[in-house]
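Student: To start, I am sharing the structure in question, which I have written as structure tokens.
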Amino acid sequence: MTRIFLTLAGTSNLLLVITFALGWRIEDAAAVTDAGRSQVDLHFLTALAAAVIVMMVHAVALTYFMGTGRWIEETGEAYRLGDSARAENIRLKYRVIPGLVGCMFMVIITGAFGAIADPASAVQIPGGATIHFTLASATLAMNLFVSYYEWLQIGRNGQVVDAVIAEVRRIRKSKGLDD
């Protein structure tokens, strides 16, 4: 799962970087020119894609921990392995939840302020573009950090799963169930 997650997280973070760069390139969002509007449109569409992918990647991470947690719980009960592997899985899962929820929240808030920063928007606030830029910078940095942290915890959880598999194999072999 670490390789899969690394690919997914790398893609989502690359999309965020591209979105950030496209937003940075917008010279004058208020310009009523076709070129100015097309820059804003491209930034908007890329941001939409990035937001969906970022949400998906964090949802995949959470789903992975939930799925492996359930498997560890059921396997532990079937083979009477004790609660240590399940407890470790829960500990790892609850370590990543605040970060992934925070990233999702930041993506939503950044998008909302991006809409406010758009001169074509009916809602305007003073400094909306500056707030959007600041939030976009924080969102990018936070997502990079949290993605790395999730990747580390997924790797640690993989070790827990491997240990459970090894113990199950040992038990099955000792009972003559596997040849």
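Student: Any idea which of (1) more than 22 Å from the chain's Cα centre (by Cα); (2) surrounded by 16 or more Cβ atoms within 10 Å (Cβ to Cβ); (3) of a type in the set (Val, Ile, Thr) is the one Ile53 doesn't satisfy?
Tutor: (1)
Student: Does Ala166 fit the bill of being in a helix (DSSP H, G or I), of a type in the set (Gly, Ala, Ser) and loosely packed, with under 12 Cβ neighbours inside 10 Å?
Tutor: Yes.
Student: Follow-up. Kindly establish whether Gln124 is surrounded by fewer than 18 Cβ atoms within 10 Å (Cβ to Cβ) and not in a helix (DSSP H, G or I).
Tutor: Yes.
Student: Say we look at the stretch 1-27 and pick out the residues that are free of Cβ contacts under 8 Å to residues at least 24 places away in the same chain and part of a loop (DSSP other than H, G, I, E, B); which of these is farthest from Asn157 (Cα to Cα)?
Tutor: Glu27
Student: Also, I was wondering about something else. What are the pairs, 6+ residues apart or on separate chains, where a residue within the stretch 31-44 that is under 11 Å from Asp118 (Cα atoms) and in contact (Cβ under 8 Å) with a residue 12 or more places away in the chain has its Cβ under 9 Å from a residue that is of a type in the set (Asp, Glu) and surrounded by 10 or more Cβ atoms within 10 Å (Cβ to Cβ)?
Tutor: Val40/Asp118; Phe44/Asp118
Student: Return a yes/no flag: does the stretch 58-65 have any residue that is free of Cβ contacts under 8 Å to residues at least 40 places away in the same chain, β-branched (Val, Ile, Thr), within 23 Å of Val146 (Cα to Cα) and surrounded by fewer than 19 Cβ atoms within 10 Å (Cβ to Cβ).
Tutor: Among the residues of the stretch 58-65, at least one is free of Cβ contacts under 8 Å to residues at least 40 places away in the same chain, β-branched (Val, Ile, Thr), within 23 Å of Val146 (Cα to Cα) and surrounded by fewer than 19 Cβ atoms within 10 Å (Cβ to Cβ), which makes the answer yes.
Student: Also, quick follow-up: Going through Gly128, Gly114, Gly102 one at a time, which residue ends up being farther than 19 Å from Leu15 by Cα and not hydrophobic (A, V, I, L, M, F, W, C)?
Tutor: Result of the check over Gly128, Gly114, Gly102: Gly128.
Student: Among the listed residues Ala129, Ala112, Ala136, Ala122, identify the single one that is in contact with a Ser or Thr (Cβ under 7 Å, 6 or more places away or on another chain), under 30 Å from Leu22 (Cβ atoms) and not β-branched (Val, Ile, Thr).
Tutor: After ruling out the rest, the residue left standing is Ala136.
Student: Among the numbered criteria (1) at pLDDT 95 or above; (2) β-branched (Val, Ile, Thr); (3) assigned to a loop (DSSP other than H, G, I, E, B), which single criterion is violated by Val54?
Tutor: (3)
Student: Which one of the conditions (1) assigned to a helix (DSSP H, G or I); (2) at pLDDT below 95 does Ala30 fail to meet, given that it meets all the rest?
Tutor: Looking at each condition in turn, Ala30 falls short on (1).
Student: On to the next question. Considering only residues that are among the hydroxyl-bearing types (Ser, Thr, Tyr), over 18 Å from Met56 (Cα atoms) and in contact (Cβ under 8 Å) with a residue 12 or more places away in the chain, which ones fall in the stretch 69-111?
Tutor: Once the filter is applied, which keeps residues that are among the hydroxyl-bearing types (Ser, Thr, Tyr), over 18 Å from Met56 (Cα atoms) and in contact (Cβ under 8 Å) with a residue 12 or more places away in the chain, the stretch 69-111 yields Thr75, Tyr79.
Student: What residue, of Arg86, Arg80, Arg91, Arg95, is of a type in the set (D, E, K, R), surrounded by 20 or more Cβ atoms within 10 Å (Cβ to Cβ) and more than 19 Å from Val17 (Cα to Cα)?
Tutor: Arg86
Student: Given the criterion surrounded by fewer than 18 Cβ atoms within 10 Å (Cβ to Cβ) and within 27 Å of the chain's Cα centre (by Cα), identify the matching residue among Trp151, Trp71.
Tutor: Answer to the check: Trp71.
The values are calculated or read from the model by the stated rules, or taken from the named source; none is laboratory data. This is a predicted model, so every value here is computed, not measured. Note: ideal-geometry Cβ built from the backbone for every residue, glycine included; neighbour counts use all protein chains shown.
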